[in-house]
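J.: Can you read through this structure? Questions will come right after.
The values are calculated or read from the model by the stated rules, or taken from the named source; none is laboratory data. Keep in mind that what you see is a predicted model, and the values were worked out from it rather than measured. Note that we place each Cβ from the backbone using ideal geometry, even for glycine, and neighbour counts take in every protein chain shown. Accessible surface areas use protein heavy atoms only, side chains included; no ligands, DNA or RNA. Shrake-Rupley method; radii C 1.70, N 1.55, O 1.52, S 1.80 Å.
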Amino acid sequence: MEAPPSRFLLLYGSQTGQAQAICEEIYENCQKYGLKPELHCLSMTEKKFCLERETCAVVVCSTTGEGEVPDTASKFVRRLKKKTLPSTHLQHLRYSLLGLGDSNYTNFCNGGKTVNKRFEELGARKFYPCGWADDAVGLEVAVEPWLEGLYPALCRHLGLDIPDTIQSSNKHLENKDQVLSDAIENKEPNFIGHGNKEMAGVDEKNDSIHQNVKNSINAQTLTGNGDFVGIDDNKDQNFGKVSESEILESVGGFPLPSCVVHSNPYAQTSDCSNKVKLDRDGCSHGNTDGNAKADEELNSNNSVQGNGAVLHTVQGESSISLNVSDNGYRSEMASQVKSGEKVAQISNSSTDTNSVSREDTRLSLSPENSSAPSLAVSTQPLCDKALSVPREDTRLSQSPETSPAPTLAASVQPLCDKALSVPSLPQPFLELEFLHGTSWDNQDQIPVQNGCPMPSATSAVTMATIVSATRLTREDALKTALDIELDITGTSIDYEPGDTFGVVCVNDKKECDMLIDRLQLSDIADVPFRMMLKQETKKKLAVVPPHLPNPCTVRHALVTGCDIRTAPKKAFLRLLAEYTSHDGQKRRLLELSSREGAPDYAKFIRESKVTLYDILRAFPACTPPWSRVLEHLPRLQGRPYSCSSSPLARPGRLHFVFNILEFPSGEGRILSRQGVCTGWLNRLTAACQTGINGKMEEHGTATSQTGITWDMEEHGTATSQTSITADVEEHGTATSQTGTVGDIEEHRTATSQTGTVGDMEEHGTTTPQTGTVVDMEEHGTATSQTGTVGDRWLLDKVQSLSLHMPKVPIYQRSNQYFHHPQSLDTPLIMIGPGTGVAPFVGFLQHRAELKKIQAPPTLGATWLFFGCRHKDKDFLYREQLEQFAKEGILTKLLTSFSRDQLPDGAPRYVQDNLGLHAQEVVDLIDCHGAVVYVCGDAKNMARNVNEKFLDILQMIKGFSLEEARVYLMEKRQSRKYLEDIWS
């Protein structure tokens, strides 16, 4: 049967769900254009689709690892790379591709570029330019304009007419068909999410993500003539030969075919039959009527009329355009039109504003939902600049000397006066039924996240017991590093040095309680509810969240399954605006979700790392229902960590290290917070941590562990720390006696001990440091003993109670290349400052054990470049590393301490040390086949190390910059330069 002309193939390769979510959005929006996509994951190749039989395809592909395609796309790419395929294999295929990446990593968008390059080699041709979205500045910067132009391009390619309801807002595209067609025929440039080095976050003088995005949006991405800056596709023909640095240098000033403008493709003209007019109260110049009434009048055509603004909507479509018609805006529009800038249509409502009463200017849909401005609401009006209150009262000042600055809850000109292009209102798809009077007693039997597989997992989720937790940094160090040892005996974890694993964490209960209270769900937080799909939903790919049990409770969902920390996406803000009863707050939420408000979104939402709770506190008039919130809360993902041990050194045990992340309050964040996972692990192990607050021999301290409090009261844990309650229940741990002696009745102890007994031998402690043990008659002890247990039996007994130690859910992650070499002869150059040293500790332990086995032992040179701030405060694993150097396992331990007082010429960073040993490093690589391993921060360290290698190759080998890049890229491709980095 011949496929309908409106059909095309829609494919995604996704590692964490981003590419899939974008494809699902495309799928949903296609129905407005009469397009009929067939959606599949790339892993379904030859099962659900056969590319050789297709004539039109759209692909969205992310990048993982060191520039590899996602695991779900690996089979698809292997088939494409068969050498037997002719160059005409896909000559019938017309396609477009969107690549997702992060310019902090060297191989930016390499997953998508791999697919794109192979398509071209096999004869496929583009019907629409490729897009390259950069997560370093926000995927939406490139994704939104790319999507905007995709639908009309698909219609043109498939010979379909653009629907009349949409065509008027796409007239700016009609005259550009030939330009676009010519550009594609002549190797068109591609959409890219950053315009130059500065916009990619490379400029050391200005590494602010907000400034990068603002520059990208204002100067290039949304220019007046609709141009969108891209990179020359011809530059990408040296695939695998050119580093990202060169790609970034090539960006800037090369315009795309003029096919994207900043007006909404779905925005309607003022003659649409179903419109809503909104008075933007608080945005008028000097007119701040704080006593405006909240009554609404919906007229027969569902419109609310007001002063100076009009909100256009269309039946069945949720995209809107807010058009403001004051004199200042008309002047601005006149200048924009004069300069050729395409803008959304202005609706001049000034002729009838005098006949509209102030009572008609609010958007609340029912009288009971509307509220008069209060002190809390009116402190941050949307654009009220005619205020006489002082600056410290958080209101925007109209002082001539100081221009008002925008905040999370308030904007300034010109944004507050602009027409807005906002996302479509997301369609509801979940229906919840609360089962009042029904108990929910099976929580302990529910698998972690309902047994839903974790992304990148190569094993099932399994429970591992925490054996010890050791602080590796001094109390006065800027960051706190914690080493945790897990007992993985009997689990499915089978790791090698260099592997990573995931920890399935839970959210802070206190934070969840605050969110529950703000959502007004306290009374039903523990009432089970059943989730069903709405029968009338228009969302085509709607599913009940598979990572949540069904039925579930609000508290269980928020604590264990939903990500409440990730900054809400624009579609979520658009939804929140729909449930906001205050006009000014509603307008601001719409601004933050709009194309025009992209710089503010980057600064106040994305860069500031605000959460849903922060936003709800900033906009008190927003009261979304739980069902809509649940639809938009993403899944709580596992956190990856590098193994810092070798299974040969201690079978059945696994170590990992991390810094406890701290996020202070401010910049829109209501509360100071710790990282979701690092904070949870810190709370979970607080009573059994050793190190600075326990016994840390390298610093000569042997203090009791009662000093570890971490403000436990705010988490509902007594400060005496006789128990650990932090979020253990969700993972099936029935007790809270984690490694402590206090109140273990079944073992004849009735004490309030603040000491810790669990597994103390390995820290050189044979008795609890504090505490009292009584009632030990059955063991021959008839008196109360203070300060000592007095009976070895009790210590042995408590040490054997592994069920009382906290357990954490973990899973093994995929790792293709970042492993210790098979042969000990291979020299290693390891670069890992801070916690980046973790896998190299495992490498060295592994080499030490293999040396004992092999006869005669032969070891290649092993160099470690390590750096931290202070030698005496945060030199992680110092004793182990110095011992390896003493035994010859580590040939050279090259350290740098960036904040210590150092003599002139001393290295402060690992790249400085590389430069000091340039000749030897090149000899190891060229003459002895050394493998370079880099682990740590991607944004700064890994980039700086890469650039230092380029400098070394130019200096030592006499290469040009281009030759050095080619050389380094070849090392990457041959797996001689490996990275395990994160941003």
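J.: Going through segment 821-838 one residue at a time, which ones are closer than 19 Å to S896 by Cβ and open to solvent by less than 10 Å² (accessible area, probe 1.4 Å)?
T.: If the condition is that a residue be closer than 19 Å to S896 by Cβ and open to solvent by less than 10 Å² (accessible area, probe 1.4 Å), then L828, I829, M830, I831, G832, G836, V837, A838 are the ones that fit.
Here's the yes/no breakdown for (1) farther than 30 Å from R869 by Cβ; (2) at pLDDT below 95; (3) open to solvent by 20 Å² or more (accessible area, probe 1.4 Å):
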site	(1), (2), (3)
A918	no, no, no
D951	no, no, yes
F959	yes, no, yes
S974	yes, yes, yes
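J.: In addition: Does V527 qualify as being under 25 Å from N659 (Cβ atoms) and open to solvent by less than 70 Å² (accessible area, probe 1.4 Å)?
T.: Here the answer is no, as V527 does not meet what is asked.
J.: Read through the list (1) among the acidic types (D, E); (2) surrounded by 19 or more Cβ atoms within 10 Å (Cβ to Cβ); (3) free of Cβ contacts under 8 Å to residues at least 40 places away in the same chain, then give the number of the only condition that E121 fails.
T.: (2)
J.: If you go through segment 841-875, how many residues are open to solvent by 50 Å² or more (accessible area, probe 1.4 Å) and within 26 Å of M941 (Cα to Cα)?
T.: Residues that pass the stated criteria total 4.
J.: Might you check whether a residue that is surrounded by fewer than 21 Cβ atoms within 10 Å (Cβ to Cβ) and either out of contact with any Ser or Thr (no Cβ under 9 Å at 6 or more places or on another chain) or of a type in the set (S, T, N, Q) (or both) occurs anywhere in segment 681-697?
T.: There is at least one residue in segment 681-697 that is surrounded by fewer than 21 Cβ atoms within 10 Å (Cβ to Cβ) and either out of contact with any Ser or Thr (no Cβ under 9 Å at 6 or more places or on another chain) or of a type in the set (S, T, N, Q) (or both).
J.: Sticking with this one: Pairs, please: C-beta under 6 Å, at least 6 apart or cross-chain, first residue at positive phi and in segment 874-897, second surrounded by 16 or more Cβ atoms within 10 Å (Cβ to Cβ)?
T.: Note: pairs meeting the criteria are Y877/V841.
J.: Just one of F108, F76 is in a helix (DSSP H, G or I), open to solvent by less than 10 Å² (accessible area, probe 1.4 Å), of a type in the set (F, W, Y) and in contact (Cβ under 8 Å) with a residue 60 or more places away in the chain; which is it?
T.: Step by step, each of F108, F76 is checked, and only F76 is in a helix (DSSP H, G or I), open to solvent by less than 10 Å² (accessible area, probe 1.4 Å), of a type in the set (F, W, Y) and in contact (Cβ under 8 Å) with a residue 60 or more places away in the chain.
J.: Here's a check for you: in segment 843-873, which residue that is in contact (Cβ under 8 Å) with a residue 60 or more places away in the chain and of a type in the set (F, W, Y) is nearest to S823 (Cα to Cα)?
T.: The extreme case among them is F843.
J.: Additional query: Return yes or no: is F656 within 30 Å of F818 (Cα to Cα), of a type in the set (F, W, Y) and open to solvent by less than 40 Å² (accessible area, probe 1.4 Å)?
T.: So F656 fits the description; yes.
J.: While we're here: All but one of (1) open to solvent by 50 Å² or more (accessible area, probe 1.4 Å); (2) outside any loop (DSSP other than H, G, I, E, B) hold for V934; state the number of the condition that does not hold.
T.: Checking V934 against (1) open to solvent by 50 Å² or more (accessible area, probe 1.4 Å); (2) outside any loop (DSSP other than H, G, I, E, B), the one that fails is (1).
J.: Return the residues of segment 895-922 that are over 25 Å from G691 (Cα atoms) and either of a type in the set (D, E, K, R) or assigned to a strand (DSSP E or B) (or both); say none if nothing qualifies.
T.: Result: D904, R908, D912, E920.
J.: Residue check: is T63 surrounded by fewer than 24 Cβ atoms within 10 Å (Cβ to Cβ) and β-branched (V, I, T)? If you could, list the steps in order and put the result at the bottom.
T.: Values: surrounded by fewer than 24 Cβ atoms within 10 Å (Cβ to Cβ): no; β-branched (V, I, T): yes.
For T63, the condition - surrounded by fewer than 24 Cβ atoms within 10 Å (Cβ to Cβ) and β-branched (V, I, T) - is not met.
J.: Another one. Within segment 576-594, work out how many residues are charged (D, E, K, R) and surrounded by fewer than 24 Cβ atoms within 10 Å (Cβ to Cβ).
T.: 1
J.: Looking only at segment 808-825, decide whether some residue is assigned to a helix (DSSP H, G or I), modelled with pLDDT of 90 or more and charged (D, E, K, R).
T.: No: segment 808-825 contains no residue that is assigned to a helix (DSSP H, G or I), modelled with pLDDT of 90 or more and charged (D, E, K, R).
The rows are residues; the columns are (1) assigned to a loop (DSSP other than H, G, I, E, B); (2) at positive phi; (3) open to solvent by 10 Å² or more (accessible area, probe 1.4 Å).
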residue	(1), (2), (3)
E536	yes, no, yes
H547	yes, no, yes
L558	no, no, no
R565	yes, no, yes
R628	no, no, yes
